[in-house]
Amino acid sequence: MTQELTGAGIVIKALVDQGVDVVFGYPGGAVLPIYDELFKQNALRHVLVRHEQGAVHAAEGYARSTGKVGVVLVTSGPGATNAVTGLTDALMDSIPVVCLTGQVPTHLIGNDAFQEADTVGITRPCTKHNYLVKDIADLPRVMHEAFYVARSGRPGPVVVDLPKDILQGKGAYPDGIDVERRSYKPQTTPDADRIEQAVALMASAKRPLFYCGGGVINSGPEASALLTEFVRMTGFPCTLTLMGLGAMPASDPHFLGMLGMHGTYEANLAMHDCDVMINIGARFDDRVTGRLTAFSPNSKKIHVDIDPSSINKNVRVDLPVVGDVKLVLEAMIAAWKRTKARPDAAALAEWWRSIEQWRGRDCLRYKNSDKIIKPQYALQRLQAAIGDRDFYVTTEVGQHQMWAAQFLRFEKPNRWMTSGGLGTMGYGLPAAVGVQMAHPDALVVDVAGEASILMNIQEMSTAVQYKLPVKIFILNNQWMGMVRQWQELLHGGRYSESYTESLPDFVKLAEAFGAVGLRAQKPDELDDVIREMIAVKAPVIVDCCVDQTENCFPMIPSGAAHNEMLLGPDDVAKPVSEEGMVLV
Amino acid sequence: MEAIERHTISVLVDNEAGVLARVIGLFSGRGYNIESLTVAEVDMARHLSRITIVTSGTPMIIEQIKAQLGRLVPVHRVSDLTNEGPHLERELALVKVNGTGDKRIESLRIADIFRARVVDSTLESFVFEMTGSPEKLNAFINLMQPLGLVDVSRTGVVAIARGPEAI
């Protein structure tokens, strides 16, 4: 039955009909009608963030840990512009988010009205799609279409800009809204011939490698289960990207660790030497490939992606397969079984022998100390404390993020939330808020650096308000560690502006927010502090004071190839090429 | 390095607010070239517009351009006319030439050879209207240069495939 509702009422009804249970937002003049409707209902919970960027990251954390669409509600002008970093982050990492922005009334658009910004203009390049609703008759369809676009195909953020007169006006909310567009038909079912060719190529491999990414996670937990099954069935080694961690269990012997700039020696050398690469849901990011001309030079490349524009963007591949990872893997597994594929066992055994040799280098080893906490050691102790339970980890951006990716072990998908593509400092705390909202009883840890955490520290207040017991584990080295590392390796040790003077006392800061603050300064204090951090049923900040000079290894320097990686401080880097110096 | 190719691409889009900005923003944001771009509604009943873009790049870039265009939500179809077989390209120009005496007569004579029409005239000026390939228009405009050319307005290329197939 068609109902007559206000625009704000339509917005709320559409959210409820989409199965939304929580909205992350911040009120303001232009969205007051929606906040008024929120006040009158109980189906939706609203989480009041302290900054709109935090709202988007929280929605991302919610989305990544549940597979559902995250929802953001912000006001016009500064509310919308503050959300831009989060939207860009969601676009780069393919995270489904619907962001509702208030707008000045339609008759004032273009007049430089108070808190007016050209939101659809500003967000056009940082969203998958966006809408400005100028007729209330379009509102129900646009609301539902926004969710459809955000979650289908390659997921991404969608903005719906809502002028205040549309929110105040009255309109119909019909039953059975059709969101299918005549345009926009993402291909999910793979081409059968391509599957046959891919499986035949895999069966002929002597040095195969699975290279899988966030597309596996985005395709849902079944895709991760299928990937694990397929990897074990073939006996091939598998490496995962930063975005793909958890797509297969870290404890599986086929898993070689993460690859790329700070990936493992065995993963990167396998990538360099493989003869058949099976890329599933990864996009040949520059952090993964290193110097393109030297990237996996002798392999035939299969590339599975739901987004045709990812194919042949950076690296030319031999066999593209467009489709949803889950459906592709189902088809590949079926074809593998049907054709009774038997790869060359002797060659595969020889390949594994090489890999075991590389593994034997133990590339993540570091020189521990009993006087000063090494950041790697802190993460190993964290892993030891939480490894036997289901846990969720978010991170900020920098050295701590890479160490977390190296030292924490993810057995399941949707447990690891990090800003991969955009590299947004300040992501981790609000993302942890979003994860904890979705999983109230779970252990949620934000592995942070002391510089990143200050970028969205205001969200402590949100965590305290909603009694979200997020654990913020700061590896505090008083430096922007990754900046310092690059300055040491590439800029002659001229540490320009990378040291933070006047850091806050993080224990007192936690207490000022009404949270719990803990500190570890010596290695032998770590276990007790971590134990207490887990036990406390409240938001906690751990100030873990770590070695100020530790660098993150292994490392592929800018412009270098996978077989030119530095394993530790004793490896002398070749001078970085001019070409490499301009890379970030 | 792969060779740079020039491609004419037709894009069928929903005629909705912002769709042209999406296409142009895609080109500027990703550093692609636009040699010419035209747009107009071609199906009033279904609110579809056709955008014709002339662009250039390596084969890998051209492939990217098409894939990126295809990814935009309001885009129905992307057709690379250069790849898909013989096609027609036309452009319209309005060319203003000022002059008197021999130069004025010469401009008329050349206009006749190029089958340009006079669409406006004063005692010291003509406006010629001319349709053809971009090369033909260039040739005509170059010839008008010494004869008093003062103003040119061009539509950019519109294109369509030869034969019975539709986009």
Find the residue count for segment A:440-479, including only residues that are crowded, with 22+ Cβ neighbours inside 10 Å and either modelled with pLDDT under 95 or of a type in the set (Asp, Glu) (or both).
3
Kindly list the number of the only condition in (1) in a loop (DSSP other than H, G, I, E, B); (2) closer than 18 Å to A:GLY86 by Cα; (3) acidic (Asp, Glu) that fails for A:ASP446.
(1)
Restricting to segment B:28-42, and then to whatever is touching a helix residue (DSSP H, G or I) at 6+ places or on another chain (Cβ under 6 Å) and under 22 Å from A:LYS128 (Cα atoms), can you tell me which residue is surrounded by the fewest Cβ atoms within 10 Å (Cβ to Cβ)?
B:GLY29
Could you go through segment A:517-532 and let me know if any residue there is part of a loop (DSSP other than H, G, I, E, B) and either touching a Gly at 6+ places or on another chain (Cβ under 9 Å) or crowded, with 21+ Cβ neighbours inside 10 Å (or both).
no
Taking segment A:275-307 on its own, how many of its residues are among the β-branched types (Val, Ile, Thr) and outside any strand (DSSP E or B)?
4
What number goes with the only condition from (1) farther than 20 Å from B:GLY29 by Cβ; (2) within 12 Å of chain B (Cβ to nearest Cβ); (3) among the basic types (Lys, Arg); (4) crowded, with 21+ Cβ neighbours inside 10 Å that A:LYS164 does not pass?
(2)
Sort out for me the strands (runs of 3 or more DSSP E) sitting completely within segment A:1-86 that have 3 or more residues that are under 21 Å from A:VAL149 (Cα atoms).
A:22-25, A:70-74
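Results for (1) more than 15 Å from A:PHE210 (Cβ to Cβ); (2) of a type in the set (Lys, Arg); (3) surrounded by 18 or more Cβ atoms within 10 Å (Cβ to Cβ); (4) without any contact (Cβ under 8 Å) to a residue 60 or more places away in the chain, shown as yes or no for each residue.
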position	(1), (2), (3), (4)
A:GLY246	no, no, yes, no
A:HIS262	yes, no, yes, no
A:ILE278	no, no, yes, no
A:ASP286	yes, no, no, no
A:ASN298	yes, no, no, yes
A:LYS301	no, yes, yes, yes
A:ARG342	yes, yes, no, no
A:ALA347	yes, no, no, no
A:LYS508 passes all but one of the listed conditions (1) more than 25 Å from A:PRO557 (Cα to Cα); (2) crowded, with 17+ Cβ neighbours inside 10 Å; the exception is number (2)
With under 27 Å from the mean Cα position of the chain (by Cα) and of a type in the set (D, E, K, R) as the only criterion, which of A:GLU578, A:GLU550, A:GLU525, A:GLU532 stands out?
A:GLU550
Any residue at all in segment B:58-78 that's under 30 Å from B:ASN142 (Cα atoms) and in contact with a helix residue (DSSP H, G or I) (Cβ under 9 Å, 6 or more places away or on another chain)?
no
Please work out if A:ILE302 is out of contact with any strand residue (DSSP E or B) (no Cβ under 9 Å at 6 or more places or on another chain), in the same structural domain as A:ALA205 (by TED's automatic domain parsing), closer than 18 Å to A:LEU227 by Cα and β-branched (Val, Ile, Thr).
no
Which of the following residues is of a type in the set (Ser, Thr, Tyr) and either at the interface with chain A (Cβ under 10 Å from one of its Cβ atoms) or farther than 20 Å from A:ASN312 by Cα (or both): B:SER49, B:SER79?
B:SER49
So A:VAL159 passes all but one of these: (1) crowded, with 22+ Cβ neighbours inside 10 Å; (2) part of a loop (DSSP other than H, G, I, E, B); (3) not charged (D, E, K, R). Which condition number does it fail?
(2)
Six or more apart or on different chains, Cβ under 7 Å: which pairs go from a residue in segment A:200-219 that's polar (S, T, N, Q) to one that's surrounded by fewer than 24 Cβ atoms within 10 Å (Cβ to Cβ)? Could you list them?
A:SER219/A:LYS326
Would you check if there is a residue in segment A:536-545 being in contact with a Leu (Cβ under 8 Å, 6 or more places away or on another chain), in a strand (DSSP E or B) and not hydrophobic (A, V, I, L, M, F, W, C)?
yes
Which residues, taken from segment B:43-62, are assigned to a strand (DSSP E or B) and surrounded by 14 or more Cβ atoms within 10 Å (Cβ to Cβ)?
B:LEU48, B:SER49, B:ARG50, B:ILE51, B:THR52, B:ILE53, B:VAL54, B:THR55, B:SER56, B:GLY57
Do we have any residue at all in segment A:175-183 that's more than 14 Å from every other protein chain (Cβ to nearest Cβ), part of a loop (DSSP other than H, G, I, E, B) and closer than 30 Å to A:SER299 by Cα?
no
Selection within segment A:203-226 - of a type in the set (A, V, I, L, M) and closer than 25 Å to B:ALA67 by Cβ:
A:VAL216, A:ILE217, A:ALA223
Output for segment A:1-31, where each listed residue is of a type in the set (A, V, I, L, M) and surrounded by 16 or more Cβ atoms within 10 Å (Cβ to Cβ):
A:LEU5, A:ALA8, A:ILE10, A:VAL11, A:ILE12, A:ALA14, A:LEU15, A:VAL20, A:VAL22, A:VAL23, A:ALA30, A:VAL31
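This table checks each residue for (1) away from chain B (no Cβ under 11 Å); (2) in contact (Cβ under 8 Å) with a residue 60 or more places away in the chain; (3) more than 27 Å from A:PRO190 (Cα to Cα).
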| position | (1), (2), (3) |
| --- | --- |
| A:VAL104 | yes, yes, yes |
| A:HIS107 | yes, no, yes |
| A:ASP112 | yes, no, yes |
| A:LYS128 | no, no, no |
| A:ALA137 | yes, no, yes |
| A:ARG141 | yes, no, yes |
| A:SER152 | no, no, no |
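The values are calculated or read from the model by the stated rules, or taken from the named source; none is laboratory data. Just so it is clear, the model here is predicted, and its values are computed rather than measured. When we count neighbours, we look across all protein chains shown, and the Cβ atoms used for this are built from the backbone with ideal geometry, even at glycine.
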